[in-house]
1. Given a 1.4 angstrom probe, I'd like the percentage of the accessible area of the chain that is carbon and sulfur, rounded to a whole number.
2. Is the C-alpha gyration tensor of segment 384-460 telling us rounded, prolate or oblate? Criteria: a/c under 1.5 is rounded; beyond that, a/b larger than b/c is prolate, otherwise oblate.
3. With N set to the number of residues, divide the alpha-carbon radius of gyration of segment 450-513 by 2.2 N^0.38 Å and report two decimals.
4. Please report the accessible area of Arg402 (heavy atoms, 1.4 Å probe, ligands and nucleic acids excluded) in Å², nearest 10.
5. I'd like the chymotrypsin sites (Phe, Trp or Tyr not before Pro) in segment 1-89 restricted to DSSP loop residues with at most 13 other Cβ atoms within 10 Å, sorted by number.
6. Just order 439-447, 214-222, 130-138 by mean Cβ neighbour count inside 10 Å, highest at the front, would you?
7. Could you rank Leu405, Leu110 by how accessible they are, 1.4 Å probe, largest area first?
8. Quick one: if you stick a label point 7 Å off each Cα along the C-beta vector at Lys500 and Asn297, how many nm between them?
Amino acid sequence: MNLETDFLVIGSGIAGLSFALKVAEHGKVVIVTKGEISECNTQYAQGGICSVTYEPDNFEKHIHDTLVCGAGECDEEAVRLVVTRAPELIKQLIQWGVKFDKDKTGRYELAREGGHSEHRILHHKDNTGDEIERALVSQVKRHRNIEILEHHFAVDVLTQHHLGQLVKKSTPGIECYGAYVLNLKKQQVVTVLSRFTVLATGGVGNIYHTTTNPSVATGDGIAMVHRAKGVIENMEYIQFHPTSLHNPGERPSFLITEAMRGFGAILKTQDGKEFMHKYHPMGSIAPRDVTARGIDNEMKISGHDFVYLDVTHKDPKDIVAHFPNIYQKCLSEGIDITKDMIPVVPAAHYCCGGVKVDLNGQTSIRRLYALGETSCTGLHGANRLASNSLIEAAVYADQAARHTLSLLAETGLQEGIPAWDYEGTSHPEEMVLITQNYKEMQQIMSNYVGIVRSDLRLARAKRRLEIIFKETEELYLTSTLSQTLCELRNMIAVGYLIIKQAQQKKESVGLHYTLDYPASVKAKEF
Ligand code: FAD
Ligand code: SIN
């Protein structure tokens, strides 16, 4: 079956939906998403979205904080673009119906998180992402030019490779013509031909055992671009959020927002001692990488499975008013956060690297754009400043919309793409082969490619992953297409990219911390 459209958007978080809304007045948009429309990282965002709003904050301060956090690895042009365009895109979100909290005087209430020198985070209680997703979904559902295909899984993007040509990384002028998309309910592959294709497939958290990301975050977009011979960068910079609720067996791990540390919560060991001042002058409000490593180290020293986050010294009414969602969740687990300390552990949270894009969100492959967490714009460098990702997605969706619209008239649909070849495949005889490889991959990544790395650990991870890679490729070639198998394959590709790029880095910088190499001089200057 064939489907033709002007814009194919893969993914329905803030990046995909805001791009779709920007271009829909000018052409037909098809959004494909592998689950229900709202199942995405965006929906789980708690803390909020950054934008310079009131004095004494200003653009230079936000730029400075972002560059410092990025440890000398940010692209300053991308940082300036996002920071200076943020207020305009916040206005757009408000016009689409997003409600941010205000104080009694009618001014927006701004929160502060780790690494920020000012209060600049707009939020909706402690469930900002849910509010943003609600408003965007309601807008796209009403738009006559937008078709939404839920339970549709993008398998691969289409390039000259699908016209029978040999495509290598060095091939000039690689182009994208759309994607093969698996209709999960009918088990049929649809060939979607598009003038422009946008990958907005979110993060990679599920390659680790403990993650704040929902199960859809399996790095599909990054893996698809890797297979299509596009450029992927900065994959060694995986951000671990310092404070997810310690609740063994729960997936995804429930996040305890960093805004709680901004509000005054303090990290303590299990015997009640503060420890973060040992690692950073900002103490419990230090940037995320330092905090996660501090917690990791304290857990290793003590042999404990978690540390505590203590907010009990604050006014109980204020706690409940600011963090109603967290209060209720913890209460349901038997923890009254106004009286009890919260057990927390670091969890894989955000991928700072991804598909390399320019200032228009365009990848190294023509007619293919990557937005949001899937992309690497250069904004985050070696470490993302808290609450900078939702705004990055909004700004780059707008940049990409402008760019694609400027090229729309001169871009046609490609002919001659063959339908999906179902030949020679049958149902996998033993699903356990897939599920076991999935678990093994998560163990390998968590044990050897986590918060603290070393040459030895990375080499071991690579060897182990190669075995799983070979087994999974054999299965893929002989099995009927299934979401689980495709995701496993994608996650192995992403794990491989993280290991390879981590091995290439001969210094500790930002989120990439290795026992074998000291911190880079450049990072120390920041
Ligand atoms: P997502 O919102 O993850 O959307 C990805 C979409 O792609 C999903 O719809 C998914 O189903 C779809 N998809 C994936 N693969 C395929 C495929 N093969 N085929 C079809 N569809 C596919 N950032 C902030 O700035 N502030 C915060 O306060 C904040 N809090 C966070 C809290 C949590 C718990 C988490 C997990 C993240 C948080 N982040 C926060 C990060 C931020 O939420 C994400 O980076 C951002 O939402 C990513 O948006 P996105 O549109 O790129 O991807
Ligand atoms: C949080 O609320 O702590 C998450 C913020 C983020 O990941 O940017």
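The values are calculated or read from the model by the stated rules, or taken from the named source; none is laboratory data. Model, not experiment: these values are computed from the prediction. Glycine gets a Cβ as well: all are built from the backbone with ideal geometry, and neighbour counts include every protein chain shown. All accessible areas refer to the heavy atoms of the entire protein, side chains included, with ligands and DNA or RNA removed. Shrake-Rupley method; radii C 1.70, N 1.55, O 1.52, S 1.80 Å.
1. 51
2. Note, shape of segment 384-460 comes out oblate.
3. Normalised Cα radius of gyration, segment 450-513: 1.30.
4. Rounded to the nearest 10, that gives 140 Å².
5. Tyr54
6. Result, highest mean Cβ count within 10 Å first: 214-222, 130-138, 439-447.
7. Listed by decreasing accessible area, they come as Leu405, Leu110.
8. Distance between label points: 3.3 nm.
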